Each structure stands twice: as C-alpha cells, then as structure tokens.
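Undergrad: My questions will all concern the structure given below.
The values are calculated or read from the model by the stated rules, or taken from the named source; none is laboratory data. Everything numeric here is computed off the predicted structure, so don't read it as measured data. Using ideal geometry, Cβ is built from the backbone for each residue, glycine included, and neighbour counts are taken over all protein chains shown.
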Amino acid sequence: MSSLWTPSGEHRVPRPGEQPTREAPTPPTGQGPPPSAGEPTEPTEVDAELAEQLTKLQEELLAAPAATIVANHAYHLFELARLHLSQPSPRLDQAKVAIDAFGALVDGMAGRLGEDEPHLRDALSAIRLLFVQVSGG
C-alpha cells in the first residue's frame, strides 16, 4: 500500500487498477485533526515567531534601495549562467536562458542600477564572451 504525505496528513494512494477509497486524512504525528473549512485556527508560538521573522525581513527589504535588490538578482542570473557553463558537459541551452535574462535586466534597466551598473555591464560582457568560448562559436 502506498501513501502520500501532505500537510493535512497521510493519504492512501491506490495501485493501478485499484478503486480509490475516500478516507479521512490521518493528522501528522503530534498534531490534532486539521481544522474544518471555515473553522478559525489558534495561532501558535511558531506562527507568531514566523510572522515576526517575515515582518523583519520585509522591513530589511524596504530599507534597501530597490536598485541594490535588482542588482543582486542580476548577479544571481550571472552565477546561474556561469554554473551551467562550468559543467564537464556545459549546459549551453540553460546558460543561454540565464545570460539572456541577465542581459534583459541589465540592458532594460540601463541608467537605473546605481553604482553596481558598471560592474554588472562588465559581468554581462564577460559571461557572453565565456559562452562564445565554451560553445566554440
């Protein structure tokens, strides 16, 4: 017998050719039954702690200039492309997607990426050159 775990509990998965049965989900160990639809749930200490952490992260994000956040995401696209190009069998199609996204972001945001823009332009040129070298083109 196979089963599938979901946040609402364990669910039996029928084998091919077997008729599915409607069972009430088994609550995860250490927890009570899941709340009925429309039934209010009691916040727990964990919920409150997660909400506090989320609020703190949102405040940090709001405190940073948007250009810095966008530049950070652009850098991650550069790293993704570099990673695909550095494999023993380079994944050129995947690298190209990341490079094109990186280029779209840097070129599309020209003049608005702040002090990081020159570095991002250099990185874009470098990753494009690396792609040409790796692909033999």
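Undergrad: What are the pairs, 6+ residues apart or on separate chains, where a residue within the stretch 63-82 that is farther than 12 Å from GLU117 by Cβ and at pLDDT 95 or above has its Cβ under 8 Å from a residue that is aromatic (Phe, Trp, Tyr) and not in a loop (DSSP other than H, G, I, E, B)?
TA: Qualifying pairs under 8 Å: LEU77/PHE102; PHE78/PHE102; ALA81/PHE102; ALA81/PHE131.
Undergrad: Next question. Can you name the residue in the stretch 18-58 that is of a type in the set (D, E, K, R) and surrounded by 10 or more Cβ atoms within 10 Å (Cβ to Cβ) and, of all such residues, is modelled with the lowest pLDDT? Quick ask: steps written out before the conclusion?
TA: Our first condition is that a residue be of a type in the set (D, E, K, R); within the stretch 18-58, this holds for 18, 22-23, 39, 42, 45, 47, 49, 52, 56.
From what is left, the residues that are surrounded by 10 or more Cβ atoms within 10 Å (Cβ to Cβ) are 18, 23, 47, 49, 52, 56.
Working: GLU18: 66, GLU23: 52, ASP47: 87, GLU49: 89, GLU52: 91, LYS56: 93.
Checked the stretch 18-58; the qualifying residue modelled with the lowest pLDDT is GLU23.
Undergrad: Being surrounded by 15 or more Cβ atoms within 10 Å (Cβ to Cβ), not in a helix (DSSP H, G or I) and not basic (Lys, Arg) is the filter here; which residues of the stretch 89-112 pass it?
TA: PRO90, MET109
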